């Protein structure tokens, strides 16, 4: 399952790769589209030359893959949601450049809708009645800090956890009935290796749930800059869904910001899509695991069931999407008993790796061509948003602030009770140098049982691999002016986690 990630660990990090190359609707919102998904392009930021010309950040990206239709998470979208995006964004798409991509996604959207209809006919009632485990685990951290490794490490514990696979994230409308067939028919839509780090890519491996929520909600997600990077500031309110403050005044006029009513609308649409996905994943887990006999018959008087966990063999969802790092307050409202794992890494390495990912991966998904500065600003601003929001959410968890009563999600909410720690923080260095000990600490601090079976699987996966060798590679030297910007804008994280500024 996760063996491909660990077996290719030495090639995992884009921060140490190619050093010498220089970086790297359907949901009914149309009535407020002027506020939510306006077609007005984002105002150019100071120093932005357009295209990919001279950059004030002195970091260059190379346009490529314009005609490619591979490695694009939008190919799992359904027709109504796709038409909604095309309608709202029609003036922002570079049709003559990216027409093969648009055509392919359009074809796939029709196919996805047909398959999704069948999925709903077969499993719709079961999904609606499904009860999400009240204690999911969220893996948090900025992109390229090691969240994928943590996700894959914990996914080995199949006795306790289930997860959103790459196929489920890619084709959320139809995976309940079509997964086994689709993994064969659609194998060509993804490469064998991840473009940014040469880690094997497979439909069965753990994947980011936000990819699915993005297409299910018709683009209510901070992942939309992967398709419309020029309009990136417009999607910043979708990190936390609590106000419009993430949309900088410098890059968006007041009429482009979300009003309270519009924010409440998109927040509800995202929550509905997110919870529906989790119910489908719960049903998938039930279908894949033999239904265990239990003594929970006293729960039958409650709607659907008293606990999804008991019906699915007790497995908890373990979810990883870096943007969840900004959503602790929201997630805490939905799941007051959720637990969190946060991983951090040297900010310079995070930037290098994120820039490398942008230059090797994002070009597969763009529908318009951003400038060097727009891509770099996305990396810089995303880090700031995720870090600031994480610190706010972390304080809430550590202070044990009472959360509002959780919605039932198909069953009764469980009240907060004496429980183990809800948040554990680890570093990328700790994970890469001492993976077994790090896993033990996570399990100990979160109060989980580390079974002999899981420990054996973990040791087998890690055996024979030197986890710190790749970090000895020489880093691509960042331009001094860019390093100065990183020091200033990401300064709080240097201080918080004890990293030394250069």
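The values are calculated or read from the model by the stated rules, or taken from the named source; none is laboratory data. Note that the coordinates shown come from a computational prediction; the quantities given were computed from them, not determined experimentally. Positions of Cβ are generated from backbone atoms using ideal geometry, with glycine treated the same way; all protein chains shown enter the neighbour counts.
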- Filter region 150-195 for residues that are over 30 Å from residue 114 (Cα atoms) and in contact with a strand residue (DSSP E or B) (Cβ under 8 Å, 6 or more places away or on another chain); the one that is surrounded by the fewest Cβ atoms within 10 Å (Cβ to Cβ) is 160
- Message: Here is a list: 83, 93, 102, 139. Which entry is part of a strand (DSSP E or B), under 25 Å from residue 364 (Cβ atoms) and under 25 Å from the mean Cα position of the chain (by Cα)?
- Response: 139
- Message: Being assigned to a loop (DSSP other than H, G, I, E, B) and surrounded by fewer than 24 Cβ atoms within 10 Å (Cβ to Cβ) is true for just one of 332, 368. Which residue is that?
- Response: 368
- Selected residue (only one of 33, 68, 113 is at pLDDT 95 or above and either surrounded by 14 or more Cβ atoms within 10 Å (Cβ to Cβ) or within 28 Å of residue 359 (Cα to Cα) (or both)): 113
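Report yes if some residue within region 459-480 is under 23 Å from residue 138 (Cβ atoms) and at pLDDT below 95; otherwise report no.
yes
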- Lone qualifier among 172, 195, 134 - being over 28 Å from residue 437 (Cβ atoms), in a loop (DSSP other than H, G, I, E, B) and modelled with pLDDT under 95: 195
